[in-house]
Amino acid sequence: MAEYRSVLPPLELPLMPLREVVMFPRAIAPLFVGREGSIKAIEKAIEMHDRQIFLVAQSDSTLTKPEAEDLFKIGTVSRVLQLLRLPDGSIKVLFEGLYRAHWTAAPGPLSENGAEPAEGEGFQLALVRPCAEVPVSGQGHMAAVNAMLETLDDYAKMNKKLTLEVMQAITANTNPGVLADAVAPHLKVDYLKKQAALETANPVERLEMVYGLLQGEISAAGIEKRIKNRVRTQMERNQREYYLNEQIKAINKEMGREDDPQEEVNEIERRLGGKNMPDEAREKALREVKKLRQIPPSSAEYTVVRNYVDWVLDLPWNILKDAAIDIENARQILDADHYGLQKPKERILEFLAVQKLVNKLKGPILCLVGPPGVGKTSLAKSVAKATGREFVRLSLGGVRDEAEIRGHRRTYVGALPGKIIQSLKRVKYNNPLFCLDEIDKLSTDFRGDPSSALLEVLDPEQNNAFVDHYLDMDYDLSQVFFITTANSLHSIPLPLQDRMEIIKLPGYLENEKHSIGKHFLLPKQIEAHGLETKNLRLSNNGLLEIIRSYTKEAGVRNLEREIAAICRKSAMQIVALDDLEKQVIVTCQNLSQFLGVKKYRYGEREDDPQIGVCIGLAYTELGGEMLMVETALMPGTGKVLTTGKLGEVMQESARAALSYVRSRSDMFGLRPDFHKEIDIHIHVPEGAIPKDGPSAGITLATSLVSALLGIPVRNDIAMTGEITLRGRVLPIGGLREKLFAAQRGLITSVIIPKDNEKDLKEVPDDILKGLTITVVNHVDEVLPQALLAGSGELYPGRDNITPLYRSLRMQGCLDESAGSAPH
C-alpha cells in the first residue's frame with residue numbers, strides 16, 4: 001500500500017464503522033444502520049452544518065463494538081444526504097462519498113450533561129486528514145482507461161443493475177483514479193479487496209487493480225451463466241420427461257394397466273443406488289436395469305431380467321448382524337442346552353476364543369461327527385445363540401445335483417440361485433451360522449457332484465469369492481460361520497474332509513441318558529402333552545429300565561419317543577377318569593402296561609460258555625454293539641462259509657484268522673491238512689444288519705480255535721482287535737463306545753490291543769467301573785485269557801504237544817484225562 005501525504009489540516013468528524021462494506025469517493029450508497037453508536041454518530045453528523053461523517057471498514061466484521069485497532073486507517077469522508085427512521089428502531093441512510101482520508105482517534109464525545117458517556121451511548125470521534133492523490137502525467141494511462149471501458153461494456157451486459165444512466169455517468173470519466181472509484185462499488189467482490197483498492201494511492205495502479213477485479217467478475221459471471229443454462233436445460237428436459245411420463249401413465253390407465261413399468265424400473269434404480277453392496281454387483285445390476293428399459297413388459301425376457309435384479313437387490317451383500325463372542329456366556333449356553341459332551345464343547349469354546357482374538361472368521365470349518373440323536377444340530381443352534389448370529393440349516397441328505405449348491409444358469413427356464421444364496425436371502429444377514437446338515441448323505445449322479453461344489457464353499461481361502469451360476473459374480477461368504485454335521489466320515493470325500501476340522505460327538509452313556517431323560521425330556525413331554533408335573537411321576541428305576549430294555553441307541557431320540565408314549569397313556573387315563581388331579585406313577589413293575597413287552601434284552605452275553613462262540617465288540621453309527629461270532633465244523637472238503645451279511649473287510653479278516661490257525665497248526669496239535677477234511681461255517685447273528693470292519697479279527701480267530709480244539713470260550717469276556725497273518729493284534733477305533741457296549745452287556749473282562757492302552761485315558765470312569773481290561777500284542781496272549789480253564793472236549797492221541805498247547809494245559813485249559821491232541 002502506498003503512503004498518503006496529508007496536505008490539509010485535520011478535521012474532527014464522527015466516525016461510523018462499516019461491516020463488510022467499503023465506501024468510495026463520489027459514490028452514493030444507501031445503508032441500513034442498527035448499532036446504537038453508529039446511529040449516534042449519524043445524528044451528530046446531521047447536527048453539523050455540512051452533515052459530514054467519516055466511514056471506515058472494520059478489519060473483523062464479526063465484532064459488534066470494534067475498538068480503534070479493529071478499524072482500517074484509510075476511510076472515506078462522506079455526507080449524509082437522507083435519513084429514514086424504520087419502525088424497528090434502525091435507520092436507513094443515504095451517503096455520498098467525498099474524498100479519501102487518513103484518521104486518528106480524537107478525544108471521546110461527551111454526554112449531554114458533560115460527563116463521559118455511558119457504554120453504548122457514545123461514538124468515536126476521528127481526526128481526519130485528507131489524502132492527496134498521486135499526480136498522473138502523460139497519456140500512458142489512457143490504455144488502461146480504454147481497456148476498463150471496453151471490459152465494463154461486457155460486464156454491463158451481464159449485470160443488469162448497471163443501468164444506462166449509471167454507465168453514462170461512469171464512462172464520462174477519463175481520469176484513472178475517478179474511473180476506478182466509480183467502478184469499484186459495483187463489483188461483487190470481497191470487501192477486503194475493495195479496501196485494498198481504496199488504500200492504493202496511485203490512480204493508475206488503483207485502476208489496474210479494479211480492472212483485475214472486474215475481469216474476475218466477468219469470468220465468474222460467465223461460469224454462473226453456463227451453470228444456469230445447464231440447469232435450465234436439465235429442467236426443461238426433466239419437464240419434458242415428466243410430461244411424457246404423465247402421458248404414458250394416462251395411456252396405461254386407459255388400457256387397464258395401472259402399474260407403470262417405467263416407474264417400477266425407476267424405483268429399482270433408486271434402490272440400487274441406496275443398497276449397501278459391492279460396486280461390481282451394483283454396476284452389473286444397473287446394466288440389467290438398462291436392458292430392462294428396452295424390453296417390453298409383455299416379453300418373457302422381461303420377467304427373467306426382472307427376477308434377476310430382484311435377487312441382486314434382496315441379497316444381504318454387506319449387511320452384518322452384530323455378533324459378539326462372550327466365552328463365559330457361550331459356556332453357560334452350551335452347558336444349559338446339552339448335558340455331557342465335555343470334549344466337543346471345550347473344542348468349540350477354543351474355536352470361539354480364537355475367533356474373538358483374531359476378530360475374523362478365517363479358519364477351519366467345524367464338522368460335528370456322531371451317531372444320530374446325540375445333539376449335533378442342536379449343538380450348532382446353541383453356538384449360533386452363544387455368538388448372537390442368525391441360525392440357518394440346510395439339509396444335504398439326498399442332494400445329488402450340483403445346481404442345488406451353485407444354482408442354475410439363467411439360460412434355463414425357472415432358474416434359481418443355489419441353496420446357499422437362497423438361505424442368505426431368507427435370513428437377511430450375511431454373517432449367520434450356517435449348518436450344513438447330513439453332509440455325509442450327499443449323492444452323485446450324471447447331474448454333477450455336489451460335494452465338489454462344497455469344496456469352494458467350505459474353503460476359507462476361496463469362499464470370499466464364491467460364484468453362484470445364477471448370479472454369475474463373486475459373493476463373499478467369508479463372514480458366514482459354517483458348521484457341518486455327519487454320522488460317519490467314510491462317505492465324505494477326502495478333499496472335503498481336509499477342509500474341515502472334525503469334532504467327534506460320542507454316544508451318550510447310560511447315566512448321561514438317565515440325566516437327560518429326567519431333567520430335560522420328561523419335563524418337555526409333560527408340557528407338550530398338556531400335563532402338569534403333579535400328574536406323572538416316573539421313578540428312577542423305571543427310567544433306567546426304559547433306557548435298557550426299550551431303547552438301543554447312541555442318542556436319545558427313541559428315549560424321548562418312549563417317554564412321549566408314557567405321557568399319552570397317562571393323558572388318556574386322566575381324561576377317562578375326568579380327574580385333573582390324578583397322579584400316574586410309572587415304575588419298573590408296571591412299565592409294560594405303558595410300553596408293552598421289552599424290545600431288547602439287557603445283557604446279551606450267553607448264559608453258559610459255548611464252544612466256538614466268542615463275543616466281539618463293534619462300533620456302529622448307533623454307538624457300540626456286542627457282536628456274537630459263531631463257528632461250526634462239519635465234515636467236508638475244506639470250504640469256508642461266512643454268513644451274517646458280512647462286508648468284504650470282515651470276510652478277509654475271517655480268512656486271515658483261518659490262515660493264522662493253519663500256519664500254527666503244529667503248535668495247536670493239529671494235522672497240517674486238517675482243513676481238507678472239514679468245512680468251516682462262520683456266522684454272525686442278526687443277519688439282516690450289515691457288518692464290516694477289521695476289528696473282529698481276534699474274535700474270529702478265538703472262535704475258530706475254540707471250535708477246532710473243542711474248548712469253550714468264556715461267556716463274560718469280550719474282545720476287539722485286528723489280526724495279521726503272523727498273529728499280531730493291531731489297534732482299532734471307537735474304544736469308548738465298545739467298552740460301553742461291553743459294560744451294558746454285563747461283560748466283566750475285555751481284551752484290547754496294546755496300542756489302544758493310551759485311549760483308556762479318554763474313557764470315563766463310569767464305563768471302566770466293573771471292567772477288567774487286558775491289553776495284548778499277539779493272539780497267543782488272547783487264547784489263554786479267553787478259553788475256559790478246566791473244561792473242553794479233548795481228542796485222542798495227544799503225543800505231539802506244542803509249547804502253546806502245553807501252556808493251555810498248564811493253565812488248566814485242557815483236561816489231563818483226555819487221550820491225545822485234537823486233529
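The values are calculated or read from the model by the stated rules, or taken from the named source; none is laboratory data. Remember, it's a predicted structure, so these values are computed and weren't measured experimentally. Every residue, glycine as well, gets a Cβ built from its backbone with ideal geometry; the counts of neighbours run over all protein chains shown. Surface accessibility is based on the protein's heavy atoms, side chains included, excluding ligands, DNA and RNA. Shrake-Rupley method; radii C 1.70, N 1.55, O 1.52, S 1.80 Å.
Taking every alpha-carbon pair within segment 284-387, the share separated by more than 15 Å comes to 71 percent.
Per-residue SASA remark: I251, around 100 Å² accessible (1.4 Å probe; ligands, DNA and RNA not included). Of the listed residues L352, L730, the order by accessible area with a 1.4 Å probe, largest first, is L730, L352.
All other residues whose Cβ lies under 12 angstrom from that of E96 are scored, Lys and Arg at +1 and Asp and Glu at -1, for a net of +2.
Taking each residue as 0.36 nm, the span from S749 to D314 lengthens on full extension beyond its C-alpha to C-alpha distance by 150.3 nm. Does segment 187-327 classify as rounded, prolate or oblate by the C-alpha gyration tensor (a ≥ b ≥ c root eigenvalues; a/c under 1.5 gives rounded; else a/b over b/c gives prolate, otherwise oblate)? Oblate is the answer for segment 187-327, as a/c is 1.5 or above yet b/c matches or exceeds a/b.
For the chain, the mean residue ellipticity at 222 nm estimated from helices alone is -12500 deg cm²/dmol, where every DSSP H run of n ≥ 4 contributes -39500 (n - 2.57) and the total is divided by all residues, rounded to the nearest 500. Using the Cα gyration tensor of the chain, with a ≥ b ≥ c the square roots of its eigenvalues, what is the shape: rounded (a/c below 1.5), prolate (a/b larger than b/c) or oblate (neither)? Judged from the Cα gyration tensor, the chain comes out prolate (a/c at least 1.5, a/b above b/c).
The order of L286, L580 by accessible area, most exposed first and with a 1.4 Å probe, is L580, L286.
Each peptide in 548-559, 658-669, 77-88 receives the mean, over its residues, of other Cβ atoms within 10 Å, and ordering these scores from highest gives 548-559, 658-669, 77-88. Shown for the chain: the carbon plus sulfur share of the solvent-accessible area, taken with all protein chains present and a 1.4 angstrom probe, equals 51%. With Cα atoms defining each centre, segment 463-538 and segment 259-298 are spaced 41 Å apart in the structure. Average accessible surface for the chain: 50 Å² per residue, computed with a 1.4 Å probe over protein heavy atoms with every protein chain in place.
Note on D322/S452: beta-carbon distance plugged into 1/(1 + (r/R0)^6) with R0 of 30 Å gives a FRET efficiency of 0.30.
Normalised by the number of residues in segment 648-732, the mean separation of alpha-carbon contacts (under 8 Å, six or more apart) gives a relative contact order of 39 percent. Relative to the longest principal axis of the Cα atoms of the chain, helix 376-387 runs at roughly 30 degrees. Placing a label point 7 Å from the Cα of E510 along the Cα-to-Cβ line, the residues of segment 723-760 whose backbone N sits under 16 Å from it are 737-750. Of the GluC sites (Glu not before Pro) in segment 660-751, the ones in a loop by DSSP (not H, G, I, E or B) with at most 16 other beta carbons within 10 Å are E686. Legend: distances between Cα atoms for K291/K321; K518/K582; K40/K73; K161/K228; K343/K598; K345/K599; pairs beyond 29 Å are K291/K321; K343/K598; K345/K599.
Computed on protein heavy atoms with a 1.4 Å probe, the accessible areas place I218, I711 in the order I218, I711, largest first.
Given their separation in residues at 0.36 nm each and the Cα-Cα distance between them, Q234 and R271 gain 11.0 nm when the chain is fully extended. As a calculated quantity, the FRET efficiency between R226 and T444 at R0 = 56 Å, using C-beta atoms, amounts to about 0.25.
Which angle from 0 to 90°, rounded to the nearest 10, does the C-alpha axis of helix 142-158 make with the longest principal axis of the chain? Rounded to the nearest ten degrees, it is 60.
Computed over segment 399-459, relative contact order equals 47 percent, with contacts defined as Cα pairs under 8 Å that lie 6+ residues apart.
At full extension, A300 and E67 could sit 75.9 nm farther apart than now, given 0.36 nm per residue minus the alpha carbon distance. Take the Cβ atoms of K758 and R655, set R0 to 45 Å, and the FRET efficiency comes out at 0.90.
Mean separation of Cα pairs under 8 Å and 6 or more residues apart, divided by the residue count, gives the chain a relative contact order of 7 percent. When a/c reaches 1.5 or more, the comparison of a/b and b/c decides; with that in mind, is segment 358-448 rounded, prolate or oblate per its Cα gyration tensor? Here segment 358-448 falls in the oblate category. With every protein chain left in place and a probe of 1.4 Å, what is the accessible surface of K569, to the nearest 10 Å²? Accessible area, nearest 10 Å²: 90 Å².
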